[in-house]
Structure formats: structure tokens, C-alpha cells
Amino acid sequence: MTLAPTRPVASAPGPLATALAPHVTAVVVSRRDPTGITPVLEAALAQTLAPDEIVVVDRTSGASLPGDLQEADDTTLATLVAAVRDRHGIPVTVVEADGRAPVRTALLRVVTAHAPSEDAVDLVWFLPAGAVPEPDALVRLVDAWRRSPSTGVLGPKHVDIDSPHRLRAVSIRTTRGGRLLPRPVPGEPDQGQYDALTDVLAVPLAGSLVERDLLLGLRGWESSFGDVAADLDLGWRAQLSGRRVVVVPSSRVRSGPGVAVATATNGARRRAARRVALARAPWWQAPFLTLWIAVTSVVAAVGLLLLKRPRAAAAELGALASLDPVRGLRARWRTRHRPVVRRHDLGMLFEARRSVLTGWGDSVHHALVPPQAPIGDQAADLNPRSWFVKVVRHPGIVAVLLALAVTVAAGRSLGLGVVTGIGRGLSGGELVGSRADAGALWHAWRDGWSGSGLGGPDAAGPHSVLLAGPAWVVDHLPLLPAPTSPGGLVVALLVLLAMPLAAASAYLGLRVVAARRWVRTLGAVAWACSGPGAAAVAQGRLGAVVALLLLPAAAAGLWLVAARRSTATSAFATALGVTVLGTFAPVLAALAVVLALVLALVRRRARVHALVVALVPAAVLAPWLLHDGPAGWPALVAGVGLAQWGGSAPAPWRLALLDTGGTGAPVVWSMLPLVVVGVAGLVRGRRWRGAPATLAVLLPVLLALALVAPRVRLGTVPSGVEGAGQAITPWAGTLLLPVVLVLVLSAAHALDALPVVARGRARTVALRVAAGLAVVAVAATAGGVVVGTLGTSLSAWRDPRPAVAVDQAQGAFATRALFVVPGDAGAAYRFVGREDADLVRPFPRPSRAGGAVAGSVTRLLGAAPGSASLISSAATDLLAVRGDQVPEVVRRLDATEGLQSISPRDGWRLWRLSPVGEGTDSLVAPPRLRMETPTESLLVETDGAHAATDTTIDAPAGSTLVVAEPAGWAREAVVAVDDVPLRAVAGAATPTYALPPGPGRLTISLVDPDRWWHLGQGLALAVLCFLAVPFGRRETRVGPR
């Protein structure tokens, strides 16, 4: 086998046998100082075909070499040229030029002023400082010119001056619209892949060989186009005049950075190339080309934004500035000439659309798919492992499986019912069952009148809308039975799989702390199986469960900021995690914001990223926080299931051992080894600085907050609930979760710093003992959870309503059920309808709508005369009373008009409620919407939450629409017939509207009072998610260590 060389070796050029020998003038152009001029002169004079003369264009204005490059005092360009001239016999002339003028303008003046030869064709070879030709560069250019009489401009192949095996430029390649393409990319290895090129559209100025008459006939370069675009314009006009532009790959010039530029390295060059395309297009094509450039620039900018390349997107949009008709017309006029070649004949010189699209596809692939690691010794493994074995033995998967095993072992007390009935959701602890679907969760956040039961003007927290998306997904999964409660299913999955998911989150988050994978595995298991985490799962505390998943990611982001390794992506990802955390556990999000503000003060180099983490969550959640205001701070502190309803606060020593008490708390002393290992990691070594010092400061502060929190009174347990009259306080485990996280980070950081091999037997034993203690601590933590179990508080929820009541609530009648729980200090009641979106026990707040019907509920239970009016005013078709009642009360209820006793269900005594009064015989149940005509009551179908509907009606004269909603509902609803709004009748007990006679389309919608706030929140969250999504290589998301 014969291996091909890396670069084709061209044969030596033949003798220049032409009828008229050319006269070559090498024009060497200096910089603003004399640096780099000597190597170019030496290379030009050392050519195998020496130029006939050399003209040095002096743009230095008498400047001398910098002090560190001078061999003698006051070394100027004239001194350097004189030193080279004395060693050769070729005439060298120095021509002074204005250093402030553009290079190409100065060159055109020099060429114009230089006298032409009388008996030869004048060729001008341009060599700027920094372009060093190889010895046979000129002879190959002249030979190529001699072989084709139509050739007017020739260019060499440019290679790197320090690494000649890497390319700098070959030719200027563009599309018809003037989009410059980097072919080749500077630094690309030279393997001969471009040596087949001949005819091109243009070549860079450096090293180019141009006929003098052609250059003057074309009036030189257009100065308004700059450098690259001016070279492109000159080549374009040369082609239109019938002269070829040829690249000679066998002629090589070694160029430094910025010498032979053939692509758009900045916005000015990109815009100038676009103007060249507009200037050279026919006048009738210019408007269409302008539109094409605008559309493609906008599309490319949008694509780059989606790929998270904002700077490149801004550069693409900057190309729109090139669409200036005045500058294009002036350039066209200054360089006007009659074309000889039709523009259509130049089509092969432009880049094809396919190649452009291929380049874009490669860029997208590079941005989305990280490069594969080099193939190592595993490729030569004679016994390769299957992908299944690799996955199972991955430390991260091991951590997840261990956490799953602990969940299964500790959850044995729950029974299989929580798994078989997971489609109905869970109840018990802080979880309350309901048939919440995506629509109910969405409207609970959006509508001006929302909430369970009778509702009210206070919207649900933003956690409701975050649960609506997953609820919609699980409700539309194919090939699976539709869940009874999509929202309940999502919450149940989060709670039951909290520990495995927390292990995965912690393993990924610990990558920024520990490089050793076994350390991350131990840390992930310790975090997922900690005492507060197990208690959160056992008690159904959704806010703590979400914190268990998000706190490791937020801590990793803050760690990167503190270590000055954060990037924009990691900062926005941390801000996203803190934002989501704030919707479920505002207290923990507030701690993260405070830490980010502290980092912004102490870490100046990472101040911007720290401020992103601190300010973005606050800005996104501002509407919700401002709406609740200072009066609602207890509900913010309580979060989503983070309140302790009654009971005594745990002893301080139990909190110090990470024991929250209550259901699901592990064995008391099982967390002690983890505490010891974590504290030992803080005091490890002699150097007490950096991460250990920061964690050592955080630990007592967080522990003090955890000790104080259970003694803060947020409210009072309402009547009808266990512990009625006792204080509602923050759950102790909320602030113990950051304490556990600090201990895990400390232990992981200390274990990762242990040496792999210790010197001496004593150090080896100490190393093994430290690793063994870490394993024992994690095993004790997991064992304590398994022994303590998850308790029996959680169970699969079962709707206590009969099937017929459920159908009527979900159907056109949209009825409600009244549930009453008697207590020693009074009775608690709630209405349950299709709007029920409570999945977690809400913090008790006074409700005007509920308070308005409290008397009616009391009269109904007492069978007082007229109490049956509650049936129609609240669209109640079912009364459920908890527990065994006094027989006399049961007899009174049975004797009440409109109440009919039915079979008990799950500990509830049930009565069916029927409409009473004149004209209600046609109604089988009290509807949410009814049309009262002069003779009867008719059903009006309801298809949305809180009487929202879109239906057709035919109202007789004198008819009214009665809505079974509280009076305050009318202020938030828009009732219209044929798009004509109706006004509520003043003084009515429930919202009542006079209907216009005849058929019409009735629409009832609930307005969003915070529409613009919600729209801004949605857009902000979408942008934040986009900025947080990682693309490409991991080093673009995490800074170097």
C-alpha cells in the first residue's frame, strides 16, 4: 500500500517561454512601524524567479522599530531596506505613503505613479508585511499566468507562518447574497483538500499577482468596502470584465494572523461583503436581493438564538445595516464599467446553497452534540461489556438504585395500595385527594375567581400552573388508562419517587464538588435517605419533596459562582432552579437569594452571575409576592405543605441530630455518623479556608434558623381538624434540609481531597478508616430510614362521593358536594366541585364566600325552616357528614325537604339534595346555571370552572339567568349574549342577569385580573428555561477548575 502525501508535490515549473516576457514588480507594504518588513524583503529577493524590481511602500512616517526589537539605535524602515538592498542586485525603491490612508488606496496611488515598462506586460505582486512567500511562490504564479492569457488576477495558498502545515486562506468564497464563508477555516490542517481549486471569484490582497493595466482599468479597489470586501469586489469586477481570477495552490505564502483575511471576522467585514453583492447585482435584481438578505439574516439570527449564540445572532442582525441604498449606489457609480461576461456565467464561482446548508447543519450538530472522547484502551478490550452492564454499574445508577431500594424497604408500611391506586393520587399527611386535572390547576392560577368549593378572588400560587403541565401529559399518555386524578398522579409520583430522584439530582450536583464518582455516590445516597427527606416523603410534604430534588442543583450553581467557575448557562440554570423552588418553598428560595447576594459582594469576578441567581427569581416571582404582600407572609412561609398543624416542637438536641419527629422520622441516632463525618470534613487539615470555611460559617447559621423556626406562630388550626385551636408553625424539616446539604457537601469535599495512595502504613490505615467511616455513615443513615419506615399516613385517595354525584359535578349540572366535619369547637365544612384543585392541604385563610354561607350550612344541619335554599344557591346535590351522628340530628335531616338519605360511604353519612320550589320539577339536580322563565326553571349547560360556559339558549320573554355562585363572582365574570355584555341584577342573593328574549349564544368567562403580569411571567420563565438549557460541550457550561 502506498500512502498519499499530506500535500501533493507539484512538479517544477517549466521555462517561461512566452512571446512577451512579463515585468514583475514586487510591492512590499509596511505597517505603521517597520516590524516584519525584513523577512518579506529577504523572501522576495530569494525567489527562484526574482522580481524585476521591488517597491517598498513606507507607511511608517519615519517611525522606528520598538525598543525590544532594535539591534541598533533608531532603526527605521529605510535602514532595514538599505541593509537588504546591499546584499542583492535587484533594484529596491522606497516610496513614502500616508500611513493614515487605507492600504489599498496607498497601493493604487503607488501603482498609478510607477512608470510602466515599454516592452513587457506589467505584473504587480503585492506583499504586505507578515506575508512571507516560499522560494518558488512567484515562479508558480507567473507560470499559471503564462498558461492562460485571460488570467488577470492570481493568488497563492496561505499557510500559517509558524505552522506551515495549517491553512490560513485560499480564496474568498461567498454566496450570491454576499455571505462570506470560512473555507478553509483558519487553522485547518493542510492535506491538499483545496489543491484542485483553480477559478475563484476573488483572492486576498496578500501575495496576489495582478496585471497593472487590469488594476488601473478597474479603477482599483473601492475604498468604502474596507479590506476583504474590497478584494471581493475587485475580483468580482475582474470576472465581469472577462478576466479570470485564479488561485494557484502550489504557490505558498506563509502569513501571520490578520494578513491574508478571506472571511468575515467582524461585523464590518460582513456588512461590507453584503454591500458588494448589492453593488454588483443588476439594478432590477437589487430589490429582491435586498429582501433575500433581510429574510435570511433574520432567520439565521433566530436560529443562532435558539442555539444560544447571542453574539453570532447579533452579528447576523447587524448585516441588515448593509442594506443602505445610498452607499451601494455611490460605490456602483465610482467603479462603473461595462461588463463583458454575463452575470449568469459566473454562477459556478459562487458557493452553492447545498454547501451553505451543510455548513449550517454542521454548526448545529457541533452546538447540540458534544464531541466524542478519543478512543482509548477500551477499544482493544477482548471482553467488552454490554451497554446494560455499563449502565447498571455506573455509580450514578447505583446511587439511584440504592435510594430506590431504601424507598421500597421503608415503604413496606404503606402497603401495595399506594401503588395500585396511584392513578387516584394520595391522601394523608399534608396531601388531600381531589380530581384535579390540568384545566383545574390552570384556572386556579389564572382566573380572577378561582379555588375549590365556592372559590374566591385569591388565585392559587404559581406551583399550581407548574403542576398543570405534567398533569396534562399524564392525562394524554397513549396506551395507558386515564387517571382519575391527573394532578394527584403527578404529586404521587413525585412523593413516592422522591428519594431516587433526589439521589440522581445530588449525584449530578456533586460533580462540581467531587471528581471521584464513588464519593458522589455516597453523597447522593446520604442526601436522598436523610432524616428530613424521609419525613417529607412519609408526611406528603410536597414543598419539601421538591426542595429535596432542587436543592443539590441550586447548591451546585452557587458553588460554581463561589469558585469563579460559573458560566452564563450555569447561572441561568441556577436561577431557574431557585425560581421553581420558590414556588413550592419560598423560605428556601429566599435563603438561596441571600447567599447569591452575599457572593455578589465578595466575589467581584463572578458578580454578574451571582446577581443573575439573586435577581432573576425575584423578578419572575414578583407578581405573586407583591400580590400576597406583608399580610400573606404566613402563607409564604408555610409554602406548599411546609406547615406543622399543631403538636409540640422537637427538642433542640433532636433537631441537631437531623430528627424532625413525626411520621417517617428515622431511628434517632442513625443520623449521628453523618453529622460526625460532615463536621469532621469542615475541620479537616491545617488550612482552614475556601470551601470548608464557607460551609463552616453556613452550618451554625442554618442550624440556628432550624431551631428557631418551630417556635414561629403562623396561624391557628381551624375547627373540625385534628389539633383545632393549636398553633400552626413552620415545619422543622424545611430548614434542616439545607443543614443536611451542607454536611453532605462538606463530607464529599473532604473525601474527594484524600490522596489515592498514602505514604506510610499509618497514613494508609487512616485513609482506609476515613473511607470506611463515610460508608458506615451512609449505611447508618439508610438503615435508620428502613427501620423507622415511612409510616402509614399515606394511602391511595378514594372519592367519597357516589358515582352519580361525580357525574353530575363533571357534567352539565356542575353540582357541588358539601362535606361537614363536626368538632368539639364547631364544625368545619367545605364544598367540592369540578374546580377542586387542592392537592396539598392549603394554609387556612378567611374566605368571604365561605363565611357568607356559614349560617346557611348551620341552618341546614339544624333542619331550620328555609335552610333548603342553600341547595339552589350553591348548586349542592350531596351532603356528607363525617362520623356517627346523634339519631335526632339524622331524623331531622331525613325529614328536611329536599334531603334524601343514601348509603354511607367510607365513614361519611350521605344525603342526596334535590331542588325545591316552584318550577323545579324538570331539574333532577340543582344546576350551576339555570334559566328562570315565568313558568319553570331550565338547565343551562356548564362546561368550565366556576360557571364558565359557551352554549346556545332560547330565552322566553322575562327570563333571567341565575348563577349558583357567591355575589363577588359577578365582579370577576363577564356574562354576554351574542357578545353583548349583561349587567347583574342589583340586590340579588346570587348573581342574576336579565336575558334578552329569543335565541342567542351565551358566553360566561372569568377574566384574568393579572393578565399582563401572568404573560410577563410566562415569557420570563420561557426565556429563563431557554437560557438554562445546556448545549454542546460541558466546558461551555462549567468553567475550568
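Just rank K390, K157, fewest to most, by other beta-carbon atoms within 10 angstrom.
Fewest-to-most ranking of K390, K157: K390, K157.
Once you list every other residue whose beta carbon is under 11 Å from the beta carbon of G99, what net charge do they have if Lys and Arg are +1 and Asp and Glu are -1?
Overall, the nearby charge balance is 0.
List the trypsin sites (Lys or Arg not before Pro) within segment 234-341 that DSSP assigns to loop and that have no more than 12 neighbouring Cβ atoms inside 10 Å.
Passing sites in segment 234-341 are R336.
What is the set of long-range amide H partners of R254 at a cut-off below 5 Å, with H atoms built 1.01 Å from backbone N?
The list, which skips near neighbours in sequence, is V132, E134, V159.
Nearest 10 degrees, 0 to 90: what angle lies between the long axis of helix 542-562 and the longest principal axis of the chain (Cα atoms)?
The two axes meet at around 30 degrees.
Label segment 19-129 by shape, choosing from rounded, prolate and oblate, from the square roots a ≥ b ≥ c of the eigenvalues of the Cα gyration tensor; if a/c is under 1.5 it is rounded, and otherwise prolate applies when a/b is larger than b/c, oblate when it is not.
oblate
Sequence-distant or interchain residues sharing an amide H contact under 5 Å with L426, placed H: which?
Long-range HN contacts for L426: A492, W797.
Using a cut-off of 10 Å between beta-carbons, work out the net charge of the residues near D227 (Lys and Arg +1, Asp and Glu -1, D227 not included).
Spelling it out: positives minus negatives among the neighbours equals +1.
Using alpha carbons only, how many degrees (0 to 90, rounded to 10) separate the axis of helix 286-306 from the longest principal axis of the chain?
Orientation of helix 286-306: about 50 degrees from the principal axis.
How many nm separate the modelled label positions at T858 and V392, each set 7 Å beyond the Cα in the direction of the Cβ?
6.7 nm
Need the C-alpha centroid separation for segment 100-158 versus segment 960-1018, integer Å.
If we compute the Cα centre of each part, the gap is 83 Å.
I want to check the label-to-label distance for V787 and L404. Put each point 7 Å from Cα in the C-beta direction and report it in nm to one decimal.
Using points 7 Å along Cα→Cβ, the separation is 2.7 nm.
Where in segment 210-227 does the label zone of A321 land, with the point 7 angstrom along Cα→C-beta and an amide N cut-off under 18 Å?
So the set is 224-227.
Which trypsin sites (Lys or Arg not before Pro) does segment 983-1025 hold that lie in a coil by DSSP with at most 10 other beta carbons within 10 Å?
In loop regions of segment 983-1025 (DSSP not H, G, I, E or B), the sparsely surrounded trypsin sites (Lys or Arg not before Pro) are R983.
Take the Cβ-Cβ distance between V419 and H165 as r, set R0 to 60 Å, and report the resulting FRET efficiency rounded to the nearest 0.05.
Calculated value: 0.40.
Let me know the longest stretch in the chain that avoids all GluC sites (Glu not before Pro) found in a DSSP loop with at most 11 other C-beta atoms within 10 Å.
Free of exposed loop sites, the longest segment is 119-721.
Multiply the residue separation of T960 and V890 by 0.36 nm, subtract the distance between their alpha-carbon atoms, and state the gained length in nm to one decimal.
Length gained, T960 through V890: 21.6 nm.
Distance between the C-alpha centers of segment 515-585 and segment 939-955? Whole Å please.
For segment 515-585 versus segment 939-955, the Cα centre distance is 46 Å.
Need the full-extension length gain, W669 to A803, defined as separation in residues times 0.36 nm minus the C-alpha distance. One decimal, nm.
Length gained between W669 and A803: 43.4 nm.
Sum -39500 (n - 2.57) across every DSSP H segment of at least 4 residues in the chain, then divide by the residue count to get the 222 nm mean residue ellipticity, nearest 500.
About -13000 deg cm²/dmol.
For segment 646-654, just list the computed ³J(HN,Hα) in residue order, Karplus coefficients 6.51, -1.76 and 1.60, θ = phi - 60°, integers in Hz, with x standing in for Gly and Pro.
Per residue, the Karplus-derived 3J(HN,Hα) values read x, x, 9, 6, x, 5, x, 5, 6 Hz.
How far apart, in nm, are the 7 Å Cα→Cβ label points at A314 and T105?
Output for this residue pair reads 2.9 nm.
Count neighbours as other Cβ atoms within 10 Å of each site's Cβ, and list the trypsin sites (Lys or Arg not before Pro) in segment 656-750 that are DSSP loop with at most 13 such neighbours.
Sparse-neighbourhood loop trypsin sites (Lys or Arg not before Pro): R686, R687, R689, R713.
Residue by residue through segment 388-402, what is 3J(HN,Hα) from phi via Karplus (6.51 cos²θ - 1.76 cosθ + 1.60, θ = phi - 60°)? Round to whole Hz and write x for glycine and proline.
5, 5, 5, 5, 5, 8, 5, x, x, 5, 4, 4, 5, 5, 5
Amide H to amide H under 5 Å from R841: which residues, 5+ apart in sequence or cross-chain, H placed 1.01 Å off N in plane?
Here L431, V432 satisfy the definition.
Across segment 120-137, in residue order, what do the Karplus-derived ³J(HN,Hα) couplings come to in whole Hz, using 6.51 cos²θ - 1.76 cosθ + 1.60 with θ = phi - 60° and x for Gly and Pro?
After applying 6.51 cos²θ - 1.76 cosθ + 1.60, I find 7, 7, 7, 10, 10, 10, 8, 10, x, 4, x, 10, 9, x, 6, x, 9, 5 Hz.
If each residue of separation counts as 0.36 nm, what is the full-extension length gain between S901 and D345 once their alpha-carbon separation is subtracted?
190.8 nm
Could you compute the net charge surrounding V977? Neighbours are other residues with a C-beta less than 14 Å from the C-beta of V977; K and R count +1, D and E count -1.
-2
Order of Y507, Y194 from fewest to most other C-beta atoms within 10 Å?
Y194, Y507
Sort R393, R930, R564, R309 by Cβ crowding within 10 Å, fewest neighbours at the top.
R393, R564, R309, R930
Rounded to the nearest 0.05, what FRET efficiency do R336 and A196 give with R0 = 35 Å and r taken as the Cβ-Cβ distance? Could you check?
0.50
Which shape class, rounded, prolate or oblate, goes with segment 929-1011 when its Cα gyration tensor gives a ≥ b ≥ c as root eigenvalues, a/c under 1.5 marks rounded, and past that a/b bigger than b/c marks prolate?
Prolate, because a/c is 1.5 or more and a/b exceeds b/c.
Once you sort the root eigenvalues of the Cα gyration tensor of the chain as a ≥ b ≥ c, which label holds: rounded (a/c under 1.5), prolate (a/b larger than b/c) or oblate (the other case)?
Prolate is the answer for the chain, as a/c is 1.5 or above and a/b outweighs b/c.
All of the numbers you see were taken from the coordinates with simple rules; none came from a lab. Note that this is a predicted model, so its numbers are computed, not measured. Using ideal geometry, Cβ is built from the backbone for each residue, glycine included, and neighbour counts are taken over all protein chains shown.
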